[in-house]
1. How many residues, within segment 18-37, are of a type outside the set (Ser, Thr, Tyr) and without any contact (Cβ under 8 Å) to a residue 24 or more places away in the chain?
2. Scan segment 31-45 residue by residue and report those that are assigned to a helix (DSSP H, G or I) and either open to solvent by 40 Å² or more (accessible area, probe 1.4 Å) or within 14 Å of residue 84 (Cα to Cα) (or both).
3. Out of curiosity, is residue 61 in contact with a strand residue (DSSP E or B) (Cβ under 9 Å, 6 or more places away or on another chain) and open to solvent by less than 40 Å² (accessible area, probe 1.4 Å)?
4. Is it fair to say residue 67 is part of a loop (DSSP other than H, G, I, E, B), open to solvent by less than 50 Å² (accessible area, probe 1.4 Å) and over 12 Å from residue 1 (Cβ atoms)?
5. Could you identify the single residue in 47, 52, 85 that is among the aliphatic types (A, V, I, L, M) and in contact (Cβ under 8 Å) with a residue 40 or more places away in the chain?
6. Take the residues in segment 70-84 that are farther than 20 Å from residue 33 by Cα and open to solvent by less than 30 Å² (accessible area, probe 1.4 Å); name whichever of them is nearest to the chain's Cα centre (by Cα).
Amino acid sequence: MAVRLSPRARRDGIDGVVREADGQTALKIAVNAPPVDGKANAALIALVALSLGVTKASVSIDAGASGRRKLLFVAGDVARLRDRLDQAMGTE
């Protein structure tokens, strides 16, 4: 899943889908943690895992670990994960 991360946000949360300047779409996710020493990435993984009902070990950053745009891999049943994501975004 493509993610646009906003570190140092006021709150942790999944803020919906955004269209990037290049036309691609990504989940907009905000975390309170600063982008220092991997803290924002750790907070991102924890938030995604909690929101999707999977373990933190089931979530990994496949690309973009040092940037705002990231590509996450989440292990699990796609239909179940999609349902949980819809619930987390309040779009079900």
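The values are calculated or read from the model by the stated rules, or taken from the named source; none is laboratory data. From a predicted model like this one, the values you see are computed outputs, not experimental measurements. Cβ coordinates were reconstructed from backbone atoms using ideal geometry, including for glycine residues, and neighbour counts include every protein chain displayed. For the accessible areas, the whole protein counts, side chains as well, though only heavy atoms, and no ligand, DNA or RNA atoms are used. Shrake-Rupley method; radii C 1.70, N 1.55, O 1.52, S 1.80 Å.
1. 8
2. Correct list: 39, 42.
3. When the stated conditions are applied, residue 61 does not pass them.
4. Yes.
5. 85
6. Per the criteria, the residue is 74.
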